[in-house]
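The values are calculated or read from the model by the stated rules, or taken from the named source; none is laboratory data. Predicted, not measured: the structure shown is a model, and the values here were computed from it. Positions of Cβ are generated from backbone atoms using ideal geometry, with glycine treated the same way; all protein chains shown enter the neighbour counts.
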Amino acid sequence: MIKHLVVLTALAFSSVAVAHADSINGFINAGGSDSFTTSTITFAPGTSTVQGALGGSFATYLADGDAINFIPGPLPYSNGNNIAPPLLPPLFTVTGGGETFGFDIASYNAMYVTNGTMGCTNDATCLIVTGTGDFTGTGAHAFDPTPGTFLFTTQYSPGQPTGTVTTFSASGSTSPVPEPASLALFGTGLLGVVGLARRKFNV
């Protein structure tokens, strides 16, 4: 039984013409845990790992089970558009095969949902966050910073014990990153994943 269900998706959209051989590309999935309030999201330390499919640059270095370290402490938000606080460390880092990938968040749009809309069931409380930033890669190979986006959703329902599942995917590109309004639309298309995963962990 899972109290919180989290889906975090980070994406940077690929371009047909590769403008830089050192740009990050591909995707990554992960799992972990979090807690959230009406104004903060906190990732539980030591709970997030790479889980599921990997592709591109990430598949070259990372493997299932590699630890993902999210930002320590609470990340503040308000409903609507947010700018990342000054001097904020990377939203997450993950290391494998001698390479460390990170995601520096720039801006994000948050939606706290309690009314059964946006794919959130009537008895659940959900947080949906989309945003933009840059992927970095250092270590075995020095990648250029690569624009990216992310989607994060989490929910809990009354009567469920504590615990969270975080899933995450990422890809890199030199192409422009969509505006937050476009990201919100992108996020709604992935909310069905939350319901499916919630049913999976409620059995």
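Could you figure out which of (1) modelled with pLDDT under 90; (2) surrounded by fewer than 21 Cβ atoms within 10 Å (Cβ to Cβ); (3) touching a Pro at 6+ places or on another chain (Cβ under 8 Å) isn't true of PRO76?
(1)
Please state which of the following conditions ASN115 fails to meet, knowing it meets all the rest: (1) closer than 20 Å to TYR61 by Cα; (2) at pLDDT below 90; (3) loosely packed, with under 15 Cβ neighbours inside 10 Å.
The single condition ASN115 does not satisfy is (1).
Is it the case that segment 39-50 has a residue that's free of Cβ contacts under 8 Å to residues at least 24 places away in the same chain and among the β-branched types (Val, Ile, Thr)?
Going residue by residue through segment 39-50, those that are free of Cβ contacts under 8 Å to residues at least 24 places away in the same chain are 46, 49.
Next cut, among the β-branched types (Val, Ile, Thr) only: 49.
Yes; the residues of segment 39-50 include at least one that is free of Cβ contacts under 8 Å to residues at least 24 places away in the same chain and among the β-branched types (Val, Ile, Thr).
Return only the number of the condition from (1) at pLDDT 75 or above; (2) surrounded by fewer than 20 Cβ atoms within 10 Å (Cβ to Cβ); (3) over 20 Å from THR49 (Cα atoms) that THR146 does not satisfy.
That leaves (2) as the condition not met.
Mind listing just one residue for me: the one in segment 27-59 that is of a type outside the set (A, V, I, L, M, F, W, C) and surrounded by 22 or more Cβ atoms within 10 Å (Cβ to Cβ) and, of those, farthest from LEU151 (Cα to Cα)? I'd like the intermediate steps shown before the answer.
Step one: filter segment 27-59 for residues of a type outside the set (A, V, I, L, M, F, W, C), giving 29, 31-35, 37-40, 42, 45-49, 51-52, 55-57.
Of the ones still in play, those that are also surrounded by 22 or more Cβ atoms within 10 Å (Cβ to Cβ) are 32-34, 48, 57.
Numbers: GLY32: 15, SER33: 15, ASP34: 15, SER48: 16, SER57: 20 Å.
Per the stated criteria, the residue is SER57.
Is there any pair with a first residue in segment 58-70 that is within 18 Å of PHE135 (Cβ to Cβ) and among the polar types (S, T, N, Q) and a second that is at pLDDT below 90 and assigned to a loop (DSSP other than H, G, I, E, B) whose Cβ atoms are under 8 Å apart and which are 6 or more apart or on different chains, and what are they?
As it stands, the answer is ASN69/PRO45; ASN69/SER48, since those pairs meet every condition given.
So for segment 120-134 (the condition being in contact with a strand residue (DSSP E or B) (Cβ under 7 Å, 6 or more places away or on another chain), farther than 25 Å from SER39 by Cα and surrounded by fewer than 20 Cβ atoms within 10 Å (Cβ to Cβ)), does at least one residue qualify? Steps first, please.
Of the residues in segment 120-134, the ones in contact with a strand residue (DSSP E or B) (Cβ under 7 Å, 6 or more places away or on another chain) are 120, 124-134.
Now narrow it down to the ones that are farther than 25 Å from SER39 by Cα: none.
No, segment 120-134 has no match at all.
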